[in-house]
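A short write-up of the structure that comes next.
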Amino acid sequence: MTVALHGIGVSGGYAIGRAQLYSHDRLEAPHYVLRKVDIPREVARFDAAVAEARSECLLLREHIPEGAPAELGAFLDLHALILDDAMLSEVPKQLIRDTACNAEWALAQQTETVLAQFDSIEDDYLRERRQDVKQVADRVLKALMGHPGHVPRKLAEESAILVAHDLSPSDMVLFKRHAYAGFITDLGGTTSHTAILARSLNISSVMALHNARALVQEGDVLIVDGIAGVVIVNPDAQILEEYQLRQNEWRLEQQKLKRLKSSPSATLDGEPVELLANIDLPQDVTEALEENAAGIGLFRSEFLFMNRVDLPSEDEQFEAYRKVVSAIKQRPVVIRTLDVGADKSLPWLPKASDNPALGLRAIRLCLAEPRLFITQVRAILRASRYGQVRILLPMLVSLTELDQVLDLIALAKDELKRDGIRFNPGIPIGGMIEVPAAALAAEWFARKLDFLSIGTNDLIQYTLAIDRTDDAVAHLYDPLHPAVVQLLAHTLKVGHRLKRPVSVCGEMAGDPKLARLLLGLGLRSFSMHPAHLMAVKQQVMHSHVASLEPLAGKLLKAGRPDQIQALLERINQT
Ligand code: PEP
Ligand code: MG
């Protein structure tokens, strides 16, 4: 029977394929059947991976990086103990022998069994150890994947659609390695980091479907309409044909947009507009270059810290930053310092509070762990001599905090000078305006900083009091709410008056329907996922700023949603 499910389309286009129900371990592990003669070798491969994971833990324990939180040592000790337990080091070998499956699959199966047992434990402390077991299993899995077996891996099919109840941002980073056609989830909001990563994959996705995971069966045929936010389960032949047509048309549109790649980014009345790319991992720079981005406007450095229990060292971070800076040549690269907490959790972070979005997140966490921050700043400074690097500070709220952060940056510079390491001493330092307090006090922040970048995802979350990850309030997400538009306009005005460049790097910047409004409000620098650059450029090239300004001024004074919508339509027709 055909069923239509409604959610939020977070990433455009259409996908047609068969449902693959999500399991984290399945996302990670290949599966194949062994020949009988290969079984002893597979068991030995598993033993070698466990030994490798064990010596990795010991090595890390002996070389805890400078600046690491005190908990990291105890955490690694616990992991070594878990690794010695037969539940992970022996049972998978029995599974290999009994079912002739490969080592990765045996480990994934056993991990799922053990984790299910943890889920049923009543004691809070013990139940929380689930996460540790998972991380130890992941470490062994990574060791296995580093030394693959002789049978070719079965890869995820390009036409498979992943169906999950929820996906974390770190799951999404793993997802980047697979070739899925689309994905759907029950939970999640439009600007959750999971949704942002989904957009960066540029595949069709729908979130906040509430009960898709329960309704959809493995192997069902699915149509994912990421534009309307609809998923059709087991469509009949007529619907299928209709969507195949839509899919072809959409692909054609995307191809046409690509022709704008080398056109200059300027409005009809000659205003140059900077179109920058947001990236999550160093390898994303390739796509930014393919789309001819004017630079990197936001490098979310925290993704370097995900899917691992240890911390990236100063050298490892330096190499990652230098890779981006060298690839992008002399164009600017804005590296945002670690923004974790809230929906981006890491294993060594202190236990999340009941209100993690209002807790120890981003710059607050870095001030609580100054060595961690200084290590990162040293790595960024070292990369600064290879190009136009800028530092961006997330979630600024108080000017006292900003002074403390600037002191830590000065300290990092002093250390490098003392060590005789070269860097750009005049590296520009900017701040994110993503909390209403910072927007209203933009003047004072701008006086102490070289540039500002408006993070509309958080600005909307904190202004409208809607948790960006909560699907129950996702319908309240409104970039056109008068309060949001006024905070944006105010920040842009301050930047203009004090001659501090201001860009927008939240999801609003990549929405072609909002590009002309932002131009009319005075924005000249947009940073977005590379996949959206051409659609926004098309809007820029058809805009006449002088005609947009009075209409944007009117929208700024409008309060009623219908008035605002009508004005937006006029702006987009101008
Ligand atoms: C934002 O808040 O708009 C932003 C760009 O940062 P992030 O989405 O990573 O929180
Ligand atoms: Mg933010």
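The values are calculated or read from the model by the stated rules, or taken from the named source; none is laboratory data. It should be emphasised that the depicted structure is a prediction, and the values quoted were computed from it without experimental measurement. We place every Cβ from the backbone using ideal geometry, glycine too, and count neighbours over all the protein chains shown.
For the range 277-285, check the following and say yes or no: at least one residue is closer than 24 Å to Gln131 by Cβ and either touching a residue at least 60 places away in the same chain (Cβ under 8 Å) or within 20 Å of the chain's Cα centre (by Cα) (or both).
yes
Looking at (1) in a loop (DSSP other than H, G, I, E, B); (2) within 16 Å of ligand 2 (Cβ to nearest atom), which is the only condition Val309 fails?
Every condition holds for Val309 apart from (2).
Taking the conditions exactly as written (crowded, with 23+ Cβ neighbours inside 10 Å, within 16 Å of ligand 2 (Cβ to nearest atom) and among the charged types (D, E, K, R)), does Arg390 satisfy them or not?
So Arg390 fails the test.
Identify the single condition in (1) at pLDDT below 90; (2) buried (at least 19 other Cβ atoms within 10 Å of the Cβ); (3) within 15 Å of ligand 2 (Cβ to nearest atom); (4) over 15 Å from the mean Cα position of the chain (by Cα) that Lys344 does not satisfy, given that it satisfies every other one.
Every listed condition holds for Lys344 apart from (4).
Among the numbered conditions (1) outside any helix (DSSP H, G or I); (2) within 23 Å of the chain's Cα centre (by Cα), tell me where Phe423 comes up short.
Result: Phe423 passes all but (2).
With respect to Leu402, is the statement that it is away from ligand 2 (no atom under 16 Å from the Cβ) and part of a helix (DSSP H, G or I) true?
Yes; evaluated as a whole, the condition is true for this residue.
Only residues that are within 16 Å of ligand 1 (Cβ to nearest atom) and either touching a Ser or Thr at 6+ places or on another chain (Cβ under 6 Å) or of a type in the set (A, V, I, L, M) (or both): list them for the range 449-462, please.
Passing the criteria: Leu452, Ser453, Ile454, Asn457, Leu459, Ile460.
Residue check: is Ala342 within 16 Å of ligand 1 (Cβ to nearest atom), among the hydrophobic types (A, V, I, L, M, F, W, C), on the phi > 0 side of the Ramachandran plot and in contact with a strand residue (DSSP E or B) (Cβ under 8 Å, 6 or more places away or on another chain)?
In short, no.
Of the residues Asp236, Asp225, Asp171, which is under 29 Å from Asp339 (Cβ atoms) and of a type in the set (D, E, K, R)?
Asp171
May I ask you to verify whether Arg378 is touching a Phe, Trp or Tyr at 6+ places or on another chain (Cβ under 6 Å), away from ligand 1 (no atom under 14 Å from the Cβ), touching a residue at least 60 places away in the same chain (Cβ under 8 Å) and part of a helix (DSSP H, G or I)?
no
Output yes when any residue across the range 319-332 is without any contact (Cβ under 8 Å) to a residue 12 or more places away in the chain and either part of a helix (DSSP H, G or I) or within 23 Å of Leu402 (Cα to Cα) (or both), and no when none is.
Yes, the range 319-332 contains a residue that is without any contact (Cβ under 8 Å) to a residue 12 or more places away in the chain and either part of a helix (DSSP H, G or I) or within 23 Å of Leu402 (Cα to Cα) (or both).
With the requirement that a residue be away from ligand 1 (no atom under 16 Å from the Cβ) and closer than 13 Å to Ile429 by Cβ, what does the range 390-418 give you?
Hits for the range 390-418 are Leu402, Asp403, Val405, Leu406, Asp407, Leu408, Ile409, Ala410, Ala412, Lys413.
For the range 214-223, indicate whether the set of residues that are β-branched (Val, Ile, Thr), in contact with a Ser or Thr (Cβ under 7 Å, 6 or more places away or on another chain) and farther than 25 Å from Val173 by Cβ is non-empty.
Checked against the condition, which is being β-branched (Val, Ile, Thr), in contact with a Ser or Thr (Cβ under 7 Å, 6 or more places away or on another chain) and farther than 25 Å from Val173 by Cβ, the range 214-223 yields no hits at all.
Any residue at all in the range 146-164 that's modelled with pLDDT under 85, more than 23 Å from Ile227 (Cβ to Cβ) and not in a loop (DSSP other than H, G, I, E, B)?
yes
Taking Asp339 as meeting all but one of (1) among the acidic types (Asp, Glu); (2) within 16 Å of ligand 2 (Cβ to nearest atom); (3) in a helix (DSSP H, G or I), write down the number of the exception.
(3)
Quick one: count up the residues across the range 427-437 that are under 23 Å from Ile296 (Cα atoms) and either surrounded by fewer than 17 Cβ atoms within 10 Å (Cβ to Cβ) or within 16 Å of ligand 2 (Cβ to nearest atom) (or both).
Result for the range 427-437: 6.
I'd like the full set of residues that are free of Cβ contacts under 8 Å to residues at least 24 places away in the same chain and not in a helix (DSSP H, G or I), limited to the range 222-276.
Pro264, Gly270
Considering (1) within 16 Å of ligand 2 (Cβ to nearest atom); (2) touching a His at 6+ places or on another chain (Cβ under 9 Å), say which one Glu287 fails and leave the rest.
Against the list (1) within 16 Å of ligand 2 (Cβ to nearest atom); (2) touching a His at 6+ places or on another chain (Cβ under 9 Å), Glu287 comes up short only on (1).
May I ask you to say which residue of Ala442, Ala446, Ala465 is aliphatic (A, V, I, L, M), more than 13 Å from ligand 1 (Cβ to nearest atom), under 26 Å from His193 (Cα atoms) and surrounded by fewer than 24 Cβ atoms within 10 Å (Cβ to Cβ)?
Sole residue among the options that is aliphatic (A, V, I, L, M), more than 13 Å from ligand 1 (Cβ to nearest atom), under 26 Å from His193 (Cα atoms) and surrounded by fewer than 24 Cβ atoms within 10 Å (Cβ to Cβ): Ala465.
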